[in-house]
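The values are calculated or read from the model by the stated rules, or taken from the named source; none is laboratory data. Please read these numbers as outputs of a predicted model, since none were measured by experiment. Every residue, glycine as well, gets a Cβ built from its backbone with ideal geometry; the counts of neighbours run over all protein chains shown.
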Amino acid sequence: MSMMMKRGCVRVSMSSALGNGKSGLGFLARRWISSQEHSRRKTFPALWGNGDYGRLGLGSVESQWRPFFCSAFDNQSLRDIACGGAHTLFLTETGRVYAAGLNDFGQLGISDDKTYTTEPLEVSGLPKEIIKISAGYHHSSAITVDGELYMWGKNSNGQLGLGKRAAKVVSAPSKVECLLGVTIKMAALGCEHSIAVTDKGEALSWGGGGSGRLGHGHESSILGFLRSTSEYTPRLIKKLEGVKVRSVAAGMLHSACIDENGSVFAFGETAVEKLGFGEAKNATTPSMISNLPFSEEVACGGYHTCVITSGGELYAWGSNENGCLGVGYLPFKYFIQNAELVDVFISAHKYLIFSLVDAFSYISCTDVTHLPERVQGPFLKYPVCKVSCGWKHTAAISEGNVYTWGWGGSHGTFSEDGHSSGGQLGQGNDVDYIEPTMVNFGKNVKALQISCGFNHTAAILEYI
């Protein structure tokens with residue numbers, strides 16, 4: 001039986017961030033700390049971006065350009081949060097899972113016959129404590145304390161791993177029975193595929209295999225027709241046998257993983273140059289990404305990939321559409337590195353420069369970086385500890401602060417009421433940012449977790 005959570009939300013306003021307001025996180029921090037100063041530090045969710053179908057869990061379908069604190073979890077602390085295509089999963093410290101947003105394929109896992117919910121409801125049928133969650137475009141997963149994998153939602157290409165005879169839509173969490181005796185350590189869900197790693201470091205993948213995203217080497221036939229690329233149950237990625245995998249990530253059309261030696265492998269997406277293989281012609285099986293230091297964490301977006309190294313450096317590659325790589329205007333890097341030439345050129349041709357800036361702004365934000373490039377800005381001074389990629393936007397945590405960049409959600413114009421359905425960067429607008437920009441949460445707040453959906457974003461915060 002699903003449980004309705006307490007409704008409500010609190011806007012993180014600029015006035016509260018400056019200490020002048022009474023409804024923002026700064027005020028709440030003082031109130032909660034005074035009443036719970038002797039208890040364990042509380043964690044809570046903040047969400048922002050597209051609010052269609054209630055995916056933000058704030059009790060409405062309104063989009064938010066700045067972070068909103070979700071008061072549905074006033075009496076609980078959160079351990080993790082996962083944003084999918086148009087839904088969000090919440091994991092409490094006690095191991096219970098809640099969901100909000102679109103439920104057209106049963107991706108919320110709730111017993112109620114609802115097409116969507118604007119308030120978090122408890123996921124039905126999870127028999128044990130959950131320690132990890134993941135949200136794909138239309139499907140969801142949870143890992144129990146003893147390593148069992150449960151999945152639910154859309155299953156059109158076998159992405160739930162329940163076998164070829166399973167229903168195309170599974171609205172209740174179902175145990176992946178073929179993994180009996182196998183302990184799952186981590187799972188990542190993409191658009192129509194899933195990938196997981198066992199406690200022994202084995203990488204498994206299943207679901208739609210188009211573009212080679214499963215890593216099983218699916219090729220076209222002699223006549224040019226694709227053989228069936230779907231896998232309906234978890235399958236070992238043969239190319240990674242003998243490699244002990246530590247973590248995995250799934251994007252729209254590609255996947256990636258990191259082994260115990262800090263090496264990054266990627267596979268999928270027909271335009272392989274987007275993945276960082278340089279001259280590679282085939283990405284249907286895992287290929288090691290060169291030119292990267294020892295890596296700790298990887299995240300995959302629509303058509304881009306990010307990696308955090310052991311030293312806290314952030315690298316990105318792939319499509320830079322809308323500036324989602326965070327590396328700025330790629331064509332202008334030469335000029336930036338030759339500042340004296342820029343000064344002379346601007347003095348003599350300032351009107352031409354303005355025209356070039358407009359032109360390069362468009363070109364750079366649809367460009368492709370073939371090899372990993374370091375994301376600089378604030379991350380030159382402070383290390384990055386968490387990163388997440390959405391379709392065309394990215395978010396990272398550094399020194400307890402959240403930074404976002406990429407697609408802001410606007411299609412070039414505002415809606416009639418001045419408020420579009422974007423805002424996933426949390427910057428108070430829906431425009432694109434080409435470099436990491438800090439999200440303002442107010443004082444006394446530290447970010448612990450970050451997750452990007454298709455066009456919404458969520459973070460788990462704690463008061464300090």
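What the table shows:
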quantity	calculated
Residue tally, condition at pLDDT 70 or above and among the small types (Gly, Ala, Ser), over the stretch 219-236	2
Conditions (1) out of contact with any helix residue (DSSP H, G or I) (no Cβ under 7 Å at 6 or more places or on another chain); (2) of a type in the set (A, V, I, L, M, F, W, C); (3) assigned to a loop (DSSP other than H, G, I, E, B); (4) surrounded by fewer than 24 Cβ atoms within 10 Å (Cβ to Cβ): number failed by Trp65	(3)
Test set (1) under 17 Å from Met186 (Cβ atoms); (2) within 19 Å of the chain's Cα centre (by Cα) - Gly95 fails condition number	(2)
Residues of the stretch 191-213 classified as under 14 Å from Glu231 (Cα atoms) and in a loop (DSSP other than H, G, I, E, B), total	4
Answer residue from the stretch 171-190, given it is in contact (Cβ under 8 Å) with a residue 60 or more places away in the chain and either more than 16 Å from the chain's Cα centre (by Cα) or not in a loop (DSSP other than H, G, I, E, B) (or both) and is surrounded by the fewest Cβ atoms within 10 Å (Cβ to Cβ) among those	Ala172
Residue in the stretch 41-48 that is modelled with pLDDT of 95 or more, touching a strand residue (DSSP E or B) at 6+ places or on another chain (Cβ under 7 Å) and in a loop (DSSP other than H, G, I, E, B) present	no
Residue count for the stretch 95-136, restricted to those that are part of a strand (DSSP E or B) and of a type in the set (Gly, Ala, Ser)	5
Index of the failed condition, Ile143 passing every other in (1) surrounded by fewer than 19 Cβ atoms within 10 Å (Cβ to Cβ); (2) touching a strand residue (DSSP E or B) at 6+ places or on another chain (Cβ under 8 Å); (3) of a type in the set (Val, Ile, Thr)	(1)
